[in-house]
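Working notes, structure below.
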Amino acid sequence: MFLGTFLNYVPNYYVKLDTEVREEDLENNLILIGGPITNKVTDRANLKLPIRFEEGNIKSTISNETYPQDECGLIVKAKSPFN
């Protein structure tokens, strides 16, 4: 939530809605917020992530575990599937 507080200087403000993202924007580093239902970019990246949303659950292909609770969320650090 306070990720921006770690920076002393930000030359440009790079926040976009998923509906404003162009193909060339996907070649840069991304921080995606929101699940595949509410965010079109997350939906495109979802199937290529090692831990992803799948049929209303969170599924890990690393541990082969499924997390069905509504209270679960995830943070994934991965190489961009678009680059």
Checklist outcome for this item: Per the rule of 0.36 nm per residue minus the C-alpha distance, extending Glu23 to Ser60 adds in nm 10.6 nm
Checklist outcome for this item: As straight-line cross-link partners of Lys40, the qualifying aspartates and glutamates (C-alpha separation under 20 Å, not fewer than 8 residues apart within one chain) are Asp18, Glu20, Glu23, Glu24, Asp25, Glu27, Glu54, Glu55
Checklist entry - Which value, in debye to the nearest 20, describes the size of the charge dipole of the chain about its Cα centre when Lys and Arg Cβ atoms bear +1, Asp and Glu Cβ atoms bear -1, and nothing else is charged? => result 220 debye
Checklist outcome for this item: Rounded to the nearest 0.05, FRET efficiency between Cys72 and Asn12 (Cβ-Cβ, R0 35 Å) equals 0.55
Checklist entry - So what is the relative contact order for the chain, in percent, with contacts set as C-alpha pairs under 8 Å and at least six apart? => result 22 percent
Item to check | Dipole axis of segment 41-83 (+1 Lys, Arg; -1 Asp, Glu on Cβ), positive-most option in Val41, Ile58, Ser80 | outcome: Ser80
Checklist entry - For the chain, what is the accessible area per residue in Å² when the probe is 1.4 Å? => result 90 Å²
Checklist entry - Taking all protein chains as present, what is the carbon and sulfur share of the accessible area of the chain, in % to the nearest whole number, probe 1.4 Å? => result 54 percent
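The values are calculated or read from the model by the stated rules, or taken from the named source; none is laboratory data. Fair warning: this is a prediction, and the values are worked out from it, not measured in the lab. A quick note on method: Cβ atoms are made from the backbone with ideal geometry, for glycine too, and the neighbour counts reach across all protein chains shown. In case anyone asks, the SASA skips ligands and DNA or RNA and just uses the protein heavy atoms, side chains included. Shrake-Rupley method; radii C 1.70, N 1.55, O 1.52, S 1.80 Å.
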